[in-house]
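Please see the structure below; I have some questions.
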2 protein chains.
Amino acid sequence: MLILESLSVGQYGFIGNVFSFGLAVMASTTLFLWLMKSSVAPAYQMAITISGLVTAIAAYHYLQIMLSWDSAVVVTSGQVVPTGEGFNRAYRYVDWLLTVPLLLIELILVMKLSGSETMSKSVKLGGAAALMIILGYPGEVSESMETRTIFWVLSMIPFLYIVKELVVGLKSSIANQPDSVKGLINKAAWLVVLSWAFYPIVYLLPLLGVTGGNAIVMVEAGYTIADIVAKAVFGILIFTIAVRKSKADAQMQNA
Amino acid sequence: MLILESLSVGQYGFIGNVFSFGLAVMASTTLFLWLMKSSVAPAYQMAITISGLVTAIAAYHYLQIMLSWDSAVVVTSGQVVPTGEGFNRAYRYVDWLLTVPLLLIELILVMKLSGSETMSKSVKLGGAAALMIILGYPGEVSESMETRTIFWVLSMIPFLYIVKELVVGLKSSIANQPDSVKGLINKAAWLVVLSWAFYPIVYLLPLLGVTGGNAIVMVEAGYTIADIVAKAVFGILIFTIAVRKSKADAQMQNA
């Protein structure tokens, strides 16, 4: 398992800075999205509000992660000494349980499908996303490598279902989008698939025998970069789509 | 009674994560409701403002509960050791005293009844809700099982009155609502009845001899889930009703 004692003082400080970076990126993306919300047509404002909500929830959890990281360790005579409070890894899961379903709902909302299609796709994809996180958690906190493997496999089932839905299931809906955003929506769907694929790899690192301070740096920096791509970069992409669709809708009305 | 020493370190941490989850859900629901307020017709904006107020008050109290939980215990060599500060259970009651009457007022406001009906129903239902919380409190903090039982019974009287008012008293008002929201308002009334029914059950757990760490997990996770359903899920339902009624009103005006 990942043991805090194996960190050098430099590595401990580096990870703390990574968390602070994550907090700053998430909070500033939130403010950007909410301040710019009124520049898109009313039909897309809920997508932008929820994009900002996702990064706001992530900002809160990066703050909690940073505080937990601070109090888990004291640096004494050049050594990293755990205080016994432990580093609360669960904050990431609490975050994902809320934000991962909302990320898929963002994408569905910005497409402006019919009311019933929006509802059914949100329930199916959002539900699968929540199930994926819930199934991942018991493996993440278990000391047993067998348990970790079993829950990794279980969690991959809803993950692969989401990938299938994004790549195949949305095809006809994407075909009906205005030309100016078809490419961007396709990119947003692939951004989800590729950035999310990173998480099951990080999850497996302890199984692959990666240990020590470098492993903790890889896991924490890796999850943070993946979070930034999946939430902040994705949110800006959703905003760009909403701006272009607002223009396309206005042109349609004037024609 | 529920004794903190009986918690394992894992259970203590789990409950802390549940409180943090509650805070994140309440705060993000508040932001969603207030940011989306302008997308409903002016007649429904007070209902949305109050829905957000309820989750904002709850977010504040979950923060206080989380901080009290943190300072009630230290984890020393793998053991949960109370600091003597105690875990402040009263925050839940202070929260309910404010939010429970407001929840009923949300429902009344979104129905857009006549001014006098809105006032009389708000006073009757809001007053009964406040009385229910006040009568519950002496039993909650008492060590005596007799006192607990007496105040449980007293508190159930206004509760049953509210249930009767929601199920029978609102029937004619619901019948006058637009078709697009009749079902949803009925659902909202039942969501109140069912989610609120959970609280008197949790209240009785110590009387039923449920003790130990598992009992604390059940009580705190149970109250938190009930709060999320009764406040956040209910608030989103009120928002959906307000959006549909805004559309129905606009169609009426254009017809």
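Looking at the square roots a ≥ b ≥ c of the eigenvalues of the Cα gyration tensor of the stretch B:26-142, which shape do they give, rounded for a/c under 1.5, prolate if a/b is larger than b/c, or oblate?
Oblate, since a/c reaches 1.5 and b/c is not below a/b.
If you don't mind, another one. For chain B, what is Rg from Cα atoms divided by 2.2 N^0.38 Å, rounded to two decimals? It would help to have the intermediate numbers written out before the result.
Working: Rg = 19.8 Å, N = 255, 2.2 N^0.38 = 18.1 Å.
For chain B, the normalised Cα radius of gyration is 1.10.
For A:Ala41, enumerate residues with amide H under 5 Å from its amide H, sequence gap 5+ or separate chain, H modeled in the peptide plane.
A:Ser246
Can I ask one more? Where the centroid of each part is defined by its Cα atoms, how far is the stretch A:26-46 from the stretch A:149-208 in Å?
Answer, in whole Å: 24.
Moving to a separate point now. About the Cα centre, and with charges only on the beta carbon of Lys, Arg (+1) and Asp, Glu (-1), how big is the dipole of the protein assembly as shown? Nearest 20 debye, please. Don't jump to the answer; show the numbers that get you there.
Details: 30 positive and 28 negative charges, 421 e Å.
Here the size comes out at about 2020 debye.
Right, here's the next one. Once the Cα atoms of helix B:42-72 and of chain B are each reduced to a long axis, what angle between those two axes, in degrees from 0 to 90 to the nearest 10, is obtained?
It is inclined by approximately 0 degrees.
Next question, about the same structure. How big is the dipole moment of the stretch B:4-250 about its Cα centre under a simple scheme where the beta carbon of each Lys and Arg is +1, that of each Asp and Glu is -1, and everything else is neutral? Debye, nearest 20, please.
With only Lys, Arg, Asp and Glu charged at Cβ, the dipole is about 1020 debye.
Give me the inter-chain shielding for B:220-232: mean count of other chain Cβ atoms within 10 Å, whole number please.
0
If you don't mind, there's one more thing I want to ask. Just checking the output field for B:34-42: average partner chain Cβ neighbours within 10 Å of each residue's Cβ?
That average works out to 3.
Fewest Cβ neighbours within 10 Å first, please rank A:Lys182, A:Lys37 accordingly.
On the way: A:Lys182 13, A:Lys37 21.
Ascending Cβ contact count within 10 Å gives the list A:Lys182, A:Lys37.
Among the lysines, which fall within straight-line cross-link reach of A:Lys247, defined as a Cα-Cα distance under 27 Å, with same-chain neighbours fewer than 8 residues apart omitted?
Within the straight-line cut-off, A:Lys247 pairs with A:Lys37, A:Lys112, A:Lys121, A:Lys171, A:Lys182, A:Lys187, A:Lys231, B:Lys37, B:Lys247.
Amide H of A:Val73 versus every other amide H placed in the peptide plane: which residues, excluding those fewer than 5 positions away on the same chain, fall under 5 Å?
Placed amide hydrogens put A:Thr83 under 5 Å from A:Val73.
Other chains' Cβ within 10 Å of A:55-63 residues: what's the mean? Can you show the working numbers first?
On the way: counts 0, 5, 5, 1, 0, 5, 2, 0, 0.
Mean shielding count: 2.
Using Cβ contacts closer than 10 Å as the measure, can you line up B:Glu220, A:Glu140 from fewest to most?
So the residues, fewest neighbours to most, are A:Glu140, B:Glu220.
When Lys and Arg each count +1 and Asp and Glu each count -1, what net charge do the other residues less than 14 Å away from B:Asp249, Cβ to Cβ, add up to?
+3
Taking the 0 to 90 degree range and rounding to the nearest ten, how far is the long axis of helix A:90-110 tilted relative to the main principal axis of chain A, both from C-alpha atoms?
10
Order by neighbour count: B:Tyr91, A:Tyr44, fewest other Cβ atoms within 10 Å first, most last.
Fewest-to-most ranking of B:Tyr91, A:Tyr44: B:Tyr91, A:Tyr44.
Is the shape of the stretch B:172-241 rounded, prolate or oblate, going by the alpha carbon gyration tensor and its root eigenvalues a ≥ b ≥ c, with a/c under 1.5 for rounded and a/b larger than b/c for prolate?
The shape class here is prolate.
Still on this structure: Can you work out the Karplus-derived ³J(HN,Hα) for every residue in the stretch A:151-164? Use 6.51 cos²θ - 1.76 cosθ + 1.60 with θ = phi - 60°, whole Hz, and x for glycine or proline.
Values per residue, Gly and Pro as x: 6, 4, 5, 4, 5, 5, 5, x, 4, 5, 4, 5, 4, 4 Hz.
Can you tell me, using C-alpha contacts under 8 Å and at least 6 residues apart, the relative contact order of the stretch B:4-250 as a whole percent?
Numbers: 295 pairs, mean separation 64.5, N = 247.
Relative contact order of the stretch B:4-250: 26 percent.
Note the angle between two axes, namely the Cα long axis of helix B:234-254 and the longest principal axis of the Cα atoms of chain B, as a number of degrees from 0 to 90, rounded to the nearest 10.
Result, in degrees: 10.
Under the rule a/c < 1.5 gives rounded, and otherwise a/b versus b/c splits prolate from oblate, where does the protein assembly as shown land using the Cα gyration tensor?
oblate
Taking the Cα centre of the stretch A:31-189 as the origin and placing charges on Cβ (Lys, Arg +1; Asp, Glu -1), which of A:Leu102, A:Leu113, A:Ser155 is farthest toward the positive end of the dipole?
Farthest towards the positive end: A:Leu113.
Okay, moving on. Return the calculated 222 nm mean residue ellipticity for the protein assembly as shown, to the nearest 500 deg cm²/dmol, obtained by summing -39500 (n - 2.57) across DSSP H runs with n ≥ 4 and dividing by the residue count. Provide the component values of the computation, followed by the final result.
Numbers: 18 runs with 390 residues, N = 510.
Helix contribution divided over all residues of the protein assembly as shown: -26500 deg cm²/dmol.
Readers should treat all values here as calculations from the given coordinates under stated rules, not as data from a laboratory. Just so it is clear, the model here is predicted, and its values are computed rather than measured. All Cβ positions, glycine included, derive from the backbone under ideal geometry; neighbour counts span all protein chains shown.
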